[in-house]
Amino acid sequence: MEDTYIDTLDPEKLLQCPYDKNHQIRACRFPYHLIKCRKNHPDVADKLATCPFNARHQVPRAEISHHISSCDDKSCIEQDVVSQTRNLGQETLTESTWQCPPCDEDWDKDLWEQTSTPFVWGAATYCGNNSPASNIVMEHKSNLASGMRVPKSLPYVLPWKNNGNAQ
């Protein structure tokens, strides 16, 4: 039994695709291939059902109930369920003592106290406070290398802009 278990874990083992019998896929790529091939062969996909214990098992719909009763992966799931139910009885759940830390922030209050104007790209910003520099226009600093500039238009058309076309 150990040999077959190790054999199924071999990522280089070749598996036959259930959608196209000519496809031999490495085990490590098999789940990805199944998704891709299922989309490419919808007629075959309609005739197959996925095993609830292992998504790699694609079985003809007429045989799915027999497969479910005899699937090797079923025993792994059942063992996990049994061990979890045993552990629930043995463990005593402790009540959490975690408390939310105190919060001094009030975002609504900060929003109302905010006196600066909203940021608008490409618009000059004036100092609005009563400082000596209140009449000075503050230039936007650019982190771009010299000789580069910010684009003047977007590389795509915004859906709410009709570019002057009457509709």
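The values are calculated or read from the model by the stated rules, or taken from the named source; none is laboratory data. Computed from a predicted structure; not experimentally measured. Neighbour counts are summed over all protein chains in view; Cβ atoms, including those assigned to glycine, are modelled from backbone coordinates with ideal geometry. Remember, those area values only see protein heavy atoms, side chains included, never the ligands or the DNA or RNA. Shrake-Rupley method; radii C 1.70, N 1.55, O 1.52, S 1.80 Å.
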Residues of the range 14-73: accessible area per residue with a 1.4 Å probe, Å²: 66 Å²
The range 14-73, accessible surface, carbon-and-sulfur percent (1.4 angstrom probe): 52 percent
Probe 1.4 Å - accessible area at C17, Å² to nearest ten: 0 Å²
Sum of side-chain charges, D104 neighbourhood, beta-carbon under 15 Å (Lys, Arg +1; Asp, Glu -1): -4
D110 accessible area, assembled protein chains, probe 1.4 Å, Å²: 80 Å²
Residue-level accessible surface for S65, protein heavy atoms, 1.4 Å, Å²: 80 Å²
